Amino acid sequence: MDFSMKRRTLLKVIVLGDSGVGKTSLMNQKFNQQYKPTIGADFMTKELQIDDKLVTLQIWDTAGQERFQSLGSAFYRGADCCILVYDVNVARTFDTLHNWHEEFLKQADPTDPDTFPFVLLGNKVDIDGGHSRMISENRAREWCASKGNIPYFETSAKENYNIEEAFLCAAENSLANE
Ligand code: GDP
Ligand code: MG
């Protein structure tokens, strides 16, 4: 590890949601990518300054195995934040959020599940100018409220819309939970 890392806070953020919702695209925007073949996951790092703190987000993405197998404990271990993603145009990807939320809590087993920082992203809001969306913003916000007020962002990986804001929120909430 780089010596300068000692002065930084390192946060592990994992990104979960159905295959095809845009998890990898959301992360590919402007991150450094390092492939970790042994655990079948990618992680990317992003540096942020929050107040006087230098924060390194280590953002973990699946290598596609969310489609057919469980992700394994290395993926979940030590997570500081969990970003859940669905596609606003595909209702099924919203319906499965509950399972991803449960699976995270079961696998990562955080000390206090009630205060653990989650963030929800409703992605692909660019498609068809919003005319093909199946899940309204209100419905998504109700779900977030029912899970203890999870912050919600509508995003587009294609148009790079609201992604910075979402990751900043993830970082701030992780710091606040330390
Ligand atoms: P993952 O399986 O969750 O990692 O999803 P991917 O990032 O591989 O994206 C699946 C498909 O959706 C790809 O064809 C992407 O180009 C497309 N995609 C991802 N995000 C967006 C978005 O915000 N808008 C649009 N229109 N397409 C997107
Ligand atoms: Mg992917």
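Which count do you get for residues in segment 53-79 that are part of a loop (DSSP other than H, G, I, E, B) and acidic (Asp, Glu)? Going through segment 53-79 one residue at a time, the tally reaches 0. For Asp114, the test of being within 14 Å of ligand 1 (Cβ to nearest atom) and either on the phi > 0 side of the Ramachandran plot or of a type outside the set (Val, Ile, Thr) (or both) is failed.
When Asn32 is tested against (1) within 16 Å of Cys169 (Cα to Cα); (2) modelled with pLDDT under 90, just one condition goes unmet, and that condition is (1). Scanning segment 49-68 for residues that are modelled with pLDDT of 90 or more, touching a helix residue (DSSP H, G or I) at 6+ places or on another chain (Cβ under 8 Å) and away from ligand 2 (no atom under 13 Å from the Cβ) returns Leu54, Val55, Thr56, Leu57. Cβ-Cβ distances below 8 Å connect the following pairs, each with a first residue in segment 69-85 that is farther than 22 Å from Ser25 by Cβ, a second residue that is surrounded by fewer than 14 Cβ atoms within 10 Å (Cβ to Cβ), and a separation of six or more residues or different chains: Asp80/Glu178. Every condition in (1) surrounded by fewer than 14 Cβ atoms within 10 Å (Cβ to Cβ); (2) free of Cβ contacts under 8 Å to residues at least 40 places away in the same chain; (3) more than 20 Å from Lys23 (Cα to Cα) is met by Pro110 except one, and the failing one is (1).
Note on segment 148-171: residues that are farther than 18 Å from Leu26 by Cβ and either part of a helix (DSSP H, G or I) or touching a Phe, Trp or Tyr at 6+ places or on another chain (Cβ under 7 Å) (or both) total 0. Being at pLDDT 85 or above and more than 22 Å from Asn160 (Cα to Cα): is that true of Leu71 here? When the stated conditions are applied, Leu71 does not pass them. A Cβ distance below 7 Å, combined with a sequence gap of six or more or placement on separate chains, defines the contacts here; from segment 139-151, residues that are within 14 Å of Leu121 (Cα to Cα) reach residues that are among the β-branched types (Val, Ile, Thr) in the pairs Cys144/Ile150; Ile150/Val119; Pro151/Val119. Is it true that Lys124 is at positive phi and either surrounded by 19 or more Cβ atoms within 10 Å (Cβ to Cβ) or more than 14 Å from ligand 1 (Cβ to nearest atom) (or both)? In short, yes.
The residue list Thr115, Thr93 contains one member that is away from ligand 2 (no atom under 16 Å from the Cβ), among the β-branched types (Val, Ile, Thr), in contact (Cβ under 8 Å) with a residue 40 or more places away in the chain and not in a strand (DSSP E or B), which is Thr115. When Arg141, Arg133 are screened for being under 20 Å from Leu97 (Cα atoms), basic (Lys, Arg) and assigned to a helix (DSSP H, G or I), only Arg141 passes.
Note on segment 144-175: among residues that are of a type in the set (A, V, I, L, M) and within 16 Å of ligand 2 (Cβ to nearest atom), the one that is farthest from the chain's Cα centre (by Cα) is Ala157. Note on segment 81-90: residues that are in contact with an Asp or Glu (Cβ under 8 Å, 6 or more places away or on another chain) and away from ligand 2 (no atom under 16 Å from the Cβ) total 2.
The residue list Lys147, Lys124, Lys158 contains one member that is at pLDDT 95 or above and touching an Asp or Glu at 6+ places or on another chain (Cβ under 6 Å), which is Lys124.
The values are calculated or read from the model by the stated rules, or taken from the named source; none is laboratory data. Small disclaimer: the values here were computed from a predicted structure and weren't measured. All Cβ positions, even for glycine, are placed from backbone atoms using ideal geometry, and neighbour counts span all protein chains on display.
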